[in-house]
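The values are calculated or read from the model by the stated rules, or taken from the named source; none is laboratory data. Note that this is a predicted model, so its numbers are computed, not measured. A quick note on method: Cβ atoms are made from the backbone with ideal geometry, for glycine too, and the neighbour counts reach across all protein chains shown. To get the accessible areas, we keep the full protein, side chains included, count just its heavy atoms, and leave off ligands, DNA and RNA. Shrake-Rupley method; radii C 1.70, N 1.55, O 1.52, S 1.80 Å.
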Amino acid sequence: MDVLHTLGIREKNFGSSTGRNWNETTDVGELRIHSPATGEYIASVFLASEADYERVVTCTAEAFKTWRDIPAPKRGEIVRLIGDRLRKYKQPLGTLVSYEMGKSLQEGLGEVQEMIDICDFAVGLSRQLYGLTMHSERPNHRMYEQYHPLGIVGIVSAFNFPVAVWSWNAMIAAVCGDVNLWKPSSKVPLTAIACQHIVAEVLEEHDLPEGVFSLVIGKGSTIGEKLLNDKRIPLVSVTGSTAVGRHAAEVVARRFGRTILELGGNNAIIITPNADLALAIPAVVFGAVGTAGQRCTTTRRLIVHEMVYDRVKESLKKAYSALRIGNPLDPENHMGPLIDHAAVEMFVRAIERAKSEGAVLLTGGEVLDGAGYESGCYVRPAIMEAENHYAIVQEETFAPILYLIKYHGGVENAIAIQNDVAQGLSSAIFTLDLREAEEFLSCRGSDCGIANVNIGTSGAEIGGAFGGEKETGGGRESGSDAWKTYMRRQTNTINFGTALPLAQGIVFEI
C-alpha cells in the first residue's frame with residue numbers, strides 16, 4: 001500500500017523509539033501483522049527488549065527536565081504543529097487505522113480527526129492551566145494553589161482505538177509539561193509507529209529533545225510489567241479490559257503511583273413509549289455495530305418498554321438485514337471485520353452461552369465465509385432477546401451482540417435494569433418526555449460517567465471528560481478539567497507581613 005511508504009512503515013520495523021532514534025533490537029521476537037480485512041500480511045515489528053525499555057525511559061526522564069521548563073503556551077504551539085501535521089497525514093493514517101484494525105474507513109478517518117481535535121483543544125488549554133487564590137485567615141498572608149508537571153506519563157492503549165486514545169492522553173499531558181511513554185496494543189503496532197514518525201518530524205524541525213514522545217512495543221509480561229512497576233513513571237493511563245485495569249491499578253498503587261483507568265463498558269440505551277423511534281433506531285444500530293461492536297461505548301443492551309417493544313424489534317431486524325458487511329476500505333460498507341480469529345471465537349461462544357441461559361437469537365450470529373471474507377474475521381451482528389440477569393449479559397462481550405430486554409412500568413424500572421451491571425461507562429435514553437429525561441439525568445438516574453438523551457452511547461466529543469464509574473475504573477480523559485490528573489497540585493502560602501501568626505489561633509512563643 002502506498003500509505004505505508006508515506007507513513008514511514010517498512011517491511012520490518014523496530015519496536016522502540018525516543019523520537020527520531022530507534023533501538024535496533026531484533027532478537028526478542030517479531031510481530032507479523034496481518035490485516036483482519038483481507039488476511040494479507042502488512043509488515044512486521046521487532047519487539048523491544050528490557051534493555052531497550054531502560055534506554056527509552058532514561059532518555060524520556062532526561063527530556064522532562066527540558067520540556068517542563070518550556071512555557072505552557074510554547075508547549076501548546078508544538079502541539080498545534082503536531083495537529084497541523086496530522087491534518088496533512090489524515091487520509092493515509094486513517095486508511096492505515098482501517099486496514100490494520102478493521103474499522104470502517106469513515107471511522108478510521110474520524111479517529112484521526114479526534115487526534116486533530118484534541119490537539120486544538122490542548123492548544124487552548126495551554127493558556128488556561130489555572131489555579132485558585134483563597135483568602136487566608138492570617139493577616140498579611142496570601143494563599144493560592146498551582147499545578148506543576150508530573151513527569152513521565154505511561155500510556156497503555158487498546159487495539160480498538162489504536163491512535164485516538166493515545167492522543168487524548170499525550171497531547172493533554174504534553175501541554176501540562178509532561179513527557180509521554182506509549183505502549184500500544186501489540187495487535188496494532190503499525191499505526192503507533194506511524195504516529196511516532198509524524199511527531200518526530202515536528203520535534204526535529206524545532207530542535208526539541210529526544211524523549212518528549214516515546215514509544216515501546218513489547219510483551220505485556222515483560223515490558224508492560226516493567227512500566228507498571230517503574231517508580232520513574234508517576235502516572236499510568238490504561239485503556240483495556242476490567243481484568244487488565246484491575247491488575248494495573250494494584251501494581252501501580254503498591255508503589256503509590258497514579259492511574260487513569262478506562263475499562264469495560266456494558267452500555268445500555270433505554271427506549272420509552274415517548275421515544276422518537278426515527279431517531280432511536282439509527283442510533284441503536286450504529287452504537288451496536290460501529291467498529292464491529294469493539295468500542296468501549298458500544299451499545300450492548302437495549303431496554304425497551306413493552307408498549308413499543310415489538311415495533312422496535314421489527315425495526316431493528318429490518319435495519320440489520322440492510323447492513324453491508326465487508327472490506328472496511330470500501331466506503332459503501334457499514335461494518336468491517338473483528339480484530340482477529342480469537343475475537344470471532346469469543347463472539348460465537350457468547351452467543352452459545354446466551355442461548356444456554358435462555359436467550360433467543362433473532363437475527364445474525366454467524367461467521368461469514370466466501371468471497372470477500374477470506375480473512376475469517378467477518379461475522380453477522382446478532383440481536384438476541386434476553387434478560388438482564390443472565391450471566392453473559394452481565395459481562396462485556398467485545399463483539400456485535402445486542403441484547404434486547406423488555407421493561408414494564410415507569411422509567412425508574414428501566415433505569416434500575418440499566419444500572420444493574422458492574423460497569424458504568426456510557427448510557428442513553430430516548431424520550432420526548434421532559435420528566436423521563438430529567439429522571440434519567442438525576443442522582444437517582446444513570447450511574448454511568450456518560451449519560452445522553454436522544455443520542456446513542458457511542459461517539460463522545462473530545463470537549464467533555466471521558467470515562468466511567470464502577471468497574472469502568474473511574475478515570476477521566478480528554479476534555480473539561482481532566483487535565484488536572486496529569487499535574488500535581490500544590491498549595492502555597494506567602495507571608496508578606498512582619499509577624500508570624502499561626503493558623504487556628506495557636507500561640508507559640510520562644
Next item on the list: Would you kindly compute the Cα radius of gyration of region 23-119 and its largest Cα-Cα separation (Dmax), both in Å?
Entry: 17.4, 48
Notebook entry, point to check: In µm²/s, what is D for region 457-510 at 10 °C and 1.306 mPa s, where D = kT/(6 pi eta Rh) by Stokes-Einstein and Rh is the Kirkwood radius from Cα pairs?
Noted result: 102
Notebook entry, point to check: In a Debye calculation with equal point scatterers on the alpha-carbon sites of the chain and no solvent, what is log10 I(q)/I(0) at q = 0.08, 0.09 Å⁻¹?
Noted result: -0.53, -0.66
Next item on the list: Keeping the other protein chains in place, figure out the carbon and sulfur percent of the accessible area of the chain, with a 1.4 Å probe.
Entry: 51
Note to self: I'd like the distance between the alpha-carbon centres of region 442-498 and region 230-261, rounded to an integer number of Å.
What the structure shows: 18
Checklist line | Surface per residue (accessible, 1.4 Å probe) for the chain, Å² | finding: 41
Check: Summing -39500 (n - 2.57) over the DSSP H runs of n ≥ 4 in the chain and dividing by its residue number, what mean residue ellipticity at 222 nm do you reach, to the nearest 500 deg cm²/dmol?
Finding: -11500 deg cm²/dmol
Item checked: At R0 = 51 Å, FRET efficiency that the Cβ-Cβ distance of H341 and A503 yields, to 0.05 -> 0.20
Next item on the list: Send over the Kirkwood Rh of region 330-456, from the inverse of the averaged 1/r over different Cα pairs, rounded to one decimal Å.
Entry: 16.4
Next item on the list: Consider a paramagnetic label point 7 Å from the Cα of L441 along Cα→Cβ; state which residues of region 457-494 have an amide N under 20 Å from it.
Entry: 457-469, 479-481
Notebook entry, point to check: What is the local net charge at I506, summed over the other residues whose Cβ is closer than 14 Å to its Cβ (Lys, Arg +1; Asp, Glu -1)?
Noted result: -1
Margin query: Rounded to the nearest angstrom and ordered from largest down, what semi-axes does the equivalent ellipsoid of region 147-197 get from its C-alpha gyration tensor (root of 5λ)?
Written below: 21, 9, 9
Margin query: Full-extension gain between H5 and I455, please, as 0.36 nm times their residue separation minus the C-alpha to C-alpha distance.
Written below: 158.1 nm
Next item on the list: Please give the net charge around S375, taking every other residue with its beta carbon less than 11 angstrom from that of S375, where Lys and Arg add +1 and Asp and Glu add -1.
Entry: -4
Notebook entry, point to check: In square nanometres, what is the average projected area of the Cα convex hull of region 35-184?
Noted result: 11.8
Check: What does region 166-244 give for Rg and for Dmax, in Å, if only its C-alpha atoms count?
Finding: 13.1, 41
Check: When the convex hull of the C-alpha atoms of region 390-480 is computed, what volume per residue in Å³ does it have?
Finding: 118
Checklist line | Rg/Rg_globular for region 221-349, with Rg_globular taken as 2.2 N^0.38 Å and Rg from C-alpha atoms | finding: 1.41
Check: Distance in nm between label sites at A253 and L434, each 7 Å beyond Cα in the beta-carbon direction?
Finding: 4.4
Note to self: Can you pull out the trypsin sites (Lys or Arg not before Pro) in region 3-35 whose DSSP state is coil and whose Cβ has at most 16 other Cβ atoms within 10 Å?
What the structure shows: R10, R20
Next item on the list: Determine Rg/Rh for region 1-62; Rg is computed over alpha-carbon atoms and Rh is the Kirkwood hydrodynamic estimate from the same atoms.
Entry: 1.05
Note to self: For region 113-239, compute the orientation-averaged projected area of the C-alpha convex hull (one quarter of its surface), in nm².
What the structure shows: 10.2
Notebook entry, point to check: What number comes out for the charge environment of T66, summing +1 per Lys or Arg and -1 per Asp or Glu over other residues with Cβ under 13 Å away?
Noted result: -1
Note to self: I need the calculated FRET efficiency for the pair E314 and A243, taking r as the beta carbon distance and R₀ as 41 Å, to the nearest 0.05.
What the structure shows: 0.65
